[in-house]
Amino acid sequence: MTTANKLTLLRMALIPVFLGVLYAGFPGSRIAALIIFIVASLTDLLDGYIARHYNQVTNFGKFMDPLADKVLVMSAMCWFVEKGQMPGWALAIVLFREFAVSGMRLVAVEQGKVIAAGMSGKIKTASTMVCLCLMFLDIPEALNTVCVAVILVTTIYSGIEYFVKNADVFKNAD
């Protein structure tokens, strides 16, 4: 097993720990969960770098890395919905975009095409991670609302961009 894949597995293992700490509700649990979230998020940057730089790209990594990222982010967002810091409809939009882009990628693969992550997708990921980190802190409601708005705007924009740039994927799809 490659180092990059081990980091991806570490990120997956941190998700239940992250959620356990959040739901434990002890004094300082949000900060402890934030630290776990940051560590897990940083493993994403590191495993991608290692995989590309040291030629450790594997089919396992291609599948598990984006899955681990989505589960980590969606876990945090579900908790924020439960706590009233994010409306459920906002989470639904994020989920829709993720499923739609993943579905489009599956259609592309059947045609022998690979849809690489675009710059707007990378900006969406980075801004979402930063906003979620801020939301774990005791920030004013107005800033929390701005964070949700940033997540939504970057999510919607990057989703539209993926579909516009890759519309040809659906030309011959039945």
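Just one of the listed residues (37, 26) is of a type in the set (Phe, Trp, Tyr) and surrounded by fewer than 16 Cβ atoms within 10 Å (Cβ to Cβ), namely 26.
In this structure, does residue 115 turn out to be farther than 22 Å from residue 46 by Cβ and either modelled with pLDDT of 95 or more or loosely packed, with under 13 Cβ neighbours inside 10 Å (or both)? No: the conditions fail for residue 115. Selection of region 82-115 for residues being of a type in the set (Val, Ile, Thr) and either farther than 25 Å from residue 17 by Cα or assigned by TED's automatic domain parsing to the domain that holds residue 40 (or both) yields 93, 101, 107, 109, 114, 115.
Only a single item in (1) surrounded by fewer than 17 Cβ atoms within 10 Å (Cβ to Cβ); (2) within 19 Å of residue 157 (Cβ to Cβ) is not met by residue 94, and it is number (1). Flag: residue 73 does not match the condition of being free of Cβ contacts under 8 Å to residues at least 60 places away in the same chain, in a helix (DSSP H, G or I), surrounded by fewer than 17 Cβ atoms within 10 Å (Cβ to Cβ) and not charged (D, E, K, R).
Take the residues in region 147-168 that are within 15 Å of residue 77 (Cα to Cα) and not polar (S, T, N, Q), then tell me which one is surrounded by the most Cβ atoms within 10 Å (Cβ to Cβ). Checked region 147-168; the qualifying residue surrounded by the most Cβ atoms within 10 Å (Cβ to Cβ) is 151.
The values are calculated or read from the model by the stated rules, or taken from the named source; none is laboratory data. Worth saying up front: this structure is predicted, and the values here are computed from it rather than measured. Because the Cβ atoms are built from the backbone with ideal geometry, glycine has one as well, and the counts that use them run over all protein chains shown.
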